[in-house]
Amino acid sequence: MSDAENFPLVVDNGNPRHIAIIMDGNGRWAQKRFMPRIIGHQAGAKAVQKIVEYCVNEKIEVLSLFAFSSENWRRPAEEVSLLMKLFNATLQAQIKKMHEKNIRLLCIGEKSAFSPDLQAKIAEGETLTKDNTGLTLVIAANYGGHWDMCQAAQKVMEKIVAGQIESSSITEELIQQHLSTAGLPDPDLFIRTGGEQRISNFLLWQLAYTEFYFTATLWPDFDQQTLVEAIDSFRHRQRRFGRTGEQIFNQAKSSL
Ligand code: FPP
């Protein structure tokens, strides 16, 4: 018998504070319709808008979307170039609307690999929305979890070399403060669409205690209804953070 069966709890975790999504399946969505893959990515960008809208309305604090991984450069050059254009055009079209909706945009990843125009567009969006207090929309672009940990280690090392900190002061908190997501809560709910069940080098450090939800739905078909299903699944999970089911059970009982 599992711990959860021995110590049953009617759990309601409430809404997740931070949802992280790998938006997989755009290419297959297009191929099923005998269309070029980029049409799937365009449909994927429309799905992004709906999901962002839902998160704003539901007062979710952070939504992180994996738009382009460090490994996606390995795709055919034409697809990479079209994805960059789509990213640029989406930012162009959405920056003002995001600002109006009080959304704070944050792009994480190695941005120096992008064209100067795209880098400028990202900087414009981040600067315009930096003081907004609604949804924080994190776009991971040219991002990899390994990269994130390396760049954090480099920043910490620079401080040690400059004599600002001792190596003995390296703690989990210190590393966390130097990750690209510094200041944000870790994801509570991770969703991957498209049927694959892996993390693909997304927020590796940050997903340590995240609840995972996998669905075969292809990203362009992912809508508010499918998001609600994922959130419902999250709400009723027993989150133990290393403790036993008995401890969680007793803690819940004593708080009644
Ligand atoms: C994975 O599907 C998806 C991507 C690599 C790109 C994601 C981009 C978008 C959803 C559109 C733009 C987003 C923003 C935030 C502007 P895949 O191509 O690997 O699909 P497949 O597994 O079916 O081939």
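Which condition breaks for I60 when tested against (1) part of a loop (DSSP other than H, G, I, E, B); (2) within 15 Å of the ligand (Cβ to nearest atom)?
Unmet condition: (2).
Please work out if A152 is on the phi < 0 side of the Ramachandran plot, open to solvent by less than 20 Å² (accessible area, probe 1.4 Å) and in contact (Cβ under 8 Å) with a residue 12 or more places away in the chain.
yes
Can we say K159 is open to solvent by 80 Å² or more (accessible area, probe 1.4 Å), charged (D, E, K, R) and out of contact with any strand residue (DSSP E or B) (no Cβ under 8 Å at 6 or more places or on another chain)?
Against the criterion (open to solvent by 80 Å² or more (accessible area, probe 1.4 Å), charged (D, E, K, R) and out of contact with any strand residue (DSSP E or B) (no Cβ under 8 Å at 6 or more places or on another chain)), K159 does not qualify.
Results for (1) open to solvent by 30 Å² or more (accessible area, probe 1.4 Å); (2) touching a helix residue (DSSP H, G or I) at 6+ places or on another chain (Cβ under 9 Å); (3) small (G, A, S), shown as yes or no for each residue.
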{"residue": "K59", "(1), (2), (3)": "yes, no, no"}
{"residue": "L63", "(1), (2), (3)": "no, yes, no"}
{"residue": "W73", "(1), (2), (3)": "yes, yes, no"}
{"residue": "S81", "(1), (2), (3)": "yes, no, yes"}
{"residue": "Q94", "(1), (2), (3)": "yes, yes, no"}
{"residue": "S112", "(1), (2), (3)": "yes, yes, yes"}
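Of all residues in segment 216-256, which are out of contact with any strand residue (DSSP E or B) (no Cβ under 7 Å at 6 or more places or on another chain), hydroxyl-bearing (S, T, Y) and either under 30 Å from V48 (Cβ atoms) or not in a helix (DSSP H, G or I) (or both)?
Selection gives T217, T226, T244, S255.
Scanning for something under 23 Å from D148 (Cβ atoms) and more than 16 Å from the ligand (Cβ to nearest atom), does segment 223-238 turn up at least one residue?
no
For the structure I just gave you, tell me whether A230 is under 26 Å from G27 (Cβ atoms), small (G, A, S) and surrounded by 20 or more Cβ atoms within 10 Å (Cβ to Cβ).
Against the criterion (under 26 Å from G27 (Cβ atoms), small (G, A, S) and surrounded by 20 or more Cβ atoms within 10 Å (Cβ to Cβ)), A230 qualifies.
Output the residues belonging to segment 128-160 that are of a type in the set (F, W, Y) and assigned to a strand (DSSP E or B).
If the condition is that a residue be of a type in the set (F, W, Y) and assigned to a strand (DSSP E or B), then Y143 is the only one that fits.
If a residue has to be open to solvent by less than 30 Å² (accessible area, probe 1.4 Å) and either among the β-branched types (V, I, T) or assigned to a loop (DSSP other than H, G, I, E, B) (or both) to count, how many in segment 163-179 make the cut?
Of the residues in that region, 1 qualify.
One residue is enough: does segment 69-84 have a residue meeting the conditions more than 9 Å from the ligand (Cβ to nearest atom), outside any strand (DSSP E or B), small (G, A, S) and free of Cβ contacts under 8 Å to residues at least 24 places away in the same chain?
Within segment 69-84, one or more residues are more than 9 Å from the ligand (Cβ to nearest atom), outside any strand (DSSP E or B), small (G, A, S) and free of Cβ contacts under 8 Å to residues at least 24 places away in the same chain.
Please find, within segment 180-226, the residue that is most open to solvent (accessible area, probe 1.4 Å) out of those that are within 21 Å of K46 (Cα to Cα) and of a type in the set (G, A, S).
Checked segment 180-226; the qualifying residue most open to solvent (accessible area, probe 1.4 Å) is A216.
Does N102 satisfy the criteria of being in contact with a Leu (Cβ under 7 Å, 6 or more places away or on another chain) and touching a residue at least 24 places away in the same chain (Cβ under 8 Å)?
In short, no.
Which number in (1) outside any strand (DSSP E or B); (2) touching a residue at least 12 places away in the same chain (Cβ under 8 Å); (3) within 11 Å of the ligand (Cβ to nearest atom) marks the one condition that I95 misses?
Here I95 clears every test but (3).
The values are calculated or read from the model by the stated rules, or taken from the named source; none is laboratory data. All values reported here derive from a predicted model rather than from experimental measurement. Glycine gets a Cβ as well: all are built from the backbone with ideal geometry, and neighbour counts include every protein chain shown. All accessible areas refer to the heavy atoms of the entire protein, side chains included, with ligands and DNA or RNA removed. Shrake-Rupley method; radii C 1.70, N 1.55, O 1.52, S 1.80 Å.
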